[in-house]
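These notes concern the structure reproduced below.
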Amino acid sequence: MASALALVALSAPFFRAVPLPENSMFQRIGAEKKHGNPLFKGKDFRRVSMTVSVNVSRFEGVTMAPPDPILGVSEAFRVDTNDLKLNLGVGAYRTEELQPYVLNVVKKAEKLMLERGENKEYLPIEGLAAFNKVTAELLFGADNSVIQEGRVATIQGLSGTGSLRLAAAFIQRYFPDAKALISSPTWGNHKNIFNDARVPWSEYRYYDPRTVGLDFDGMVADIKAAPDGSFVLLHGCAHNPTGIDPTPEQWEKIADVIQEKNHIPFFDVAYQGFASGSLDADAYSVRLFVKRGFELLVAQSYSKNLGLYAERIGAINVVCSSSDAGTRVKSQLKRLARPMYSNPPVHGARIVANVVGDPILFNEWKQEMELMAGRIKNVRQRLYENLSQKDKSGKDWSFVLKQIGMFSYTGLHKAQSDHMTDKWHIYMTKDGRISLAGLSLSKCEYLADAIIDSFHNVD
Ligand code: KET
């Protein structure tokens, strides 16, 4: 058992028999007392502290946490020394050379920021005003009546995750009897977020393995069966992990049933611009619900579309039926944020405000995003061609082309996904998801061989 240092407080009488070394903590404390340190004045100073070596950790009861199903994959990838290794676990964009990519518009915005010599003062609890303004406009459209009428409560969050977590805390506090509904499957962290915020959740059907498509009837039936007034978590676009989105007609029907049940839509928008390459097209679902008059929540992230993963920049927007309600909601979101992280970081917020708020940089961003989305579409196409040419079994791989966004949901089960890693050094999540953003054209053939082998040879 590892020995550890522990700080223990013990009563002085226990130490009578132990000779104190010169200069020990006790002697110094005693000396201070003798000379009348004002801190100890008038106190019976019988309890003292010392550092002792013990064999049993105070944290003995802490068990080992399992690795995170997504971020843990990157950790495992890092320690693999095989040259063929490929990280298709986390949804992070790489260049054709499989290197991380910092967008040119981000570099330009940072240069501007440096030239202006902006300070590092605390932001207000709700974040940078210029960021909050442009982020809501980007999402809803600047001319949307909810913005004009001041009905959106927007506060800067710690990227998508932090914004979702803050919204979950808000739900727990103001709707303690409400339940969240999440798709089956969904991004793994949604469950953690609601669990930690103590919001009960259940799943609605979403993915149909038989068609490798949307189980629309199941989805509608489950949303209908949920208790009235539930929060329905919806992926705004590029559903993670399946890459399958409802059609515009299906979105209308989903809105019908949510309205009928008095549920509250809660959108997670982590891929605006990444699904289709167009910021407006990818905001379709959110804007449709807003147009239909719903009060709703939207968490936003700039990790993927601006490549600001480590800056932790995003927002939570709550659309309310009146500006008065919006003001009150915002005040409560701030109240929740203050004891959690006090106020958000400024750097990423300034980058977004500069890029989205400047017409020239904004246009350059759109072009860069089209390039990124285009590269993903190219590898998707190439992977499909390699799979269909190489697999002689007649299996239909066309679902790869139908899915959108960063990911492909291969249909490989856990043992097959393990085989992908163990034999082929291809790192992916155990639900069979691969991030095409981490794939290059030159690696498609290797990946196709690995998928075909794992699919046909592992039960
Ligand atoms: N929502 C969804 C649907 C999502 O896929 C992610 C990230 C996030 C929110 C949060 O991202 P943030 O960086 O907090 O803004 N997904 C990728 C990374 C991760 O798991 O953290 C992923 O699925 O690989």
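The values are calculated or read from the model by the stated rules, or taken from the named source; none is laboratory data. Predicted model, so just to flag it, every value in this text is computed and none were measured. Note that each Cβ is placed from the backbone with ideal geometry, even for glycine, and that neighbours are counted across all protein chains shown. Side chains included, ligands, DNA and RNA excluded: accessible areas come from the protein's heavy atoms. Shrake-Rupley method; radii C 1.70, N 1.55, O 1.52, S 1.80 Å.
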Exercise for review: Rounded to the nearest 500, what is the 222 nm mean residue ellipticity of the chain from helices alone, with -39500 (n - 2.57) per DSSP H run of 4+ residues and division by all residues?
Suggested key: -13000 deg cm²/dmol
Revision key, fill the gap. For region 89-139, the dipole about the Cα centre with charges only on Cβ (Lys and Arg +1, Asp and Glu -1), to the nearest 20 debye, works out at 80
**Study point:** Other-chain or far-sequence residues with amide H under 5 Å of Phe267's (modelled H)
**Key:** Leu234, Leu297, Val298, Ala299
Review point. If you place +1 on the Cβ of every Lys and Arg and -1 on the Cβ of every Asp and Glu, how big does the dipole about the Cα centre of region 278-402 come out, in debye to the nearest 20?
Key: 400
Check your understanding: Using a basic spin-label model with each label point 7 Å from the Cα along Cα→Cβ, how many nm lie between Phe59 and Ser184?
Key -> 3.7
Exercise for review: Work out from phi, with θ = phi - 60° and the Karplus expression 6.51 cos²θ - 1.76 cosθ + 1.60, the ³J(HN,Hα) of each residue of region 299-304, listed in order in whole Hz, and give x for Gly and Pro.
Suggested key: 9, 10, 9, 10, 4, 8
**Study point:** Estimated inter-spin distance, Ala76 and Asn195, nm [label 7 Å along Cα→Cβ]
**Key:** 1.8
Check your understanding: Which parts of region 244-279 would a label at Met340 reach, counting a residue when its backbone N lies under 20 Å from a point 7 Å out along Cα-to-Cβ?
Key -> 264-271
Practice item. Mind listing the long-range amide H neighbours of Gly213? Cut-off is under 5 Å, sequence gap 5 or more, other chains count too, H placed in the peptide plane at 1.01 Å from N. Key: Asp208
Practice item. Would you mind pulling out the separation of the Cα centroids of region 332-394 and region 406-450, in Å? Key: 21
Review point. Working out 0.36 nm times the residue gap between Glu110 and Arg173, then minus their Cα-Cα distance, what length gain in nm do you get to one decimal?
Key: 18.9 nm
Review point. When the accessible area of the chain is split by element with a 1.4 Å probe, what percent falls to carbon and sulfur?
Key: 54
Review point. If you line up the long axis of helix 248-260 against the longest principal axis of the chain, both from Cα atoms, how many degrees apart are they, to the nearest 10?
Key: 50
Check your understanding: Taking +1 at the Cβ of each Lys and Arg and -1 at the Cβ of each Asp and Glu, which of Ile244, Val146, Gly61 sits farthest along the dipole of the chain towards its positive end, judged by Cα position relative to the Cα centre?
Key -> Gly61
Revision key, fill the gap. Per residue, accessible area of region 222-319 with a 1.4 Å probe, heavy atoms of protein chains only, in Å², comes to 30
Exercise for review: Calculate the dipole size of the chain relative to its Cα centre from +1 charges on Lys and Arg beta carbons and -1 charges on Asp and Glu beta carbons; express the result in debye to the nearest 20.
Suggested key: 1960
**Study point:** Accessible area in square angstrom per residue, region 50-111, 1.4 angstrom probe
**Key:** 68
Study note, to complete from the structure: In whole Hz, the Karplus estimates of ³J(HN,Hα) for region 313-322 (6.51, -1.76, 1.60; θ = phi - 60°; x where Gly or Pro) are 10, x, 7, 10, 10, 10, 8, 10, 7, 9
Point to revise | Point-to-point label distance, Asp217-Val458, nm (Cα→Cβ direction, 7 Å offset) | key: 3.3
**Study point:** Helix axis angle, 104-116 relative to the chain longest principal axis, alpha carbon, degrees
**Key:** 40
Exercise for review: Counting other Cβ atoms within 10 Å, keep those with at most 11, restrict to DSSP loop, and tell me which trypsin sites (Lys or Arg not before Pro) in region 73-146 are left.
Suggested key: Lys120
Revision key, fill the gap. Whole-Hz Karplus couplings 3J(HN,Hα) for region 428-438, θ = phi - 60° and coefficients 6.51, -1.76, 1.60, Gly and Pro as x, run 8, 6, 6, 8, x, 8, 10, 8, 6, 5, x
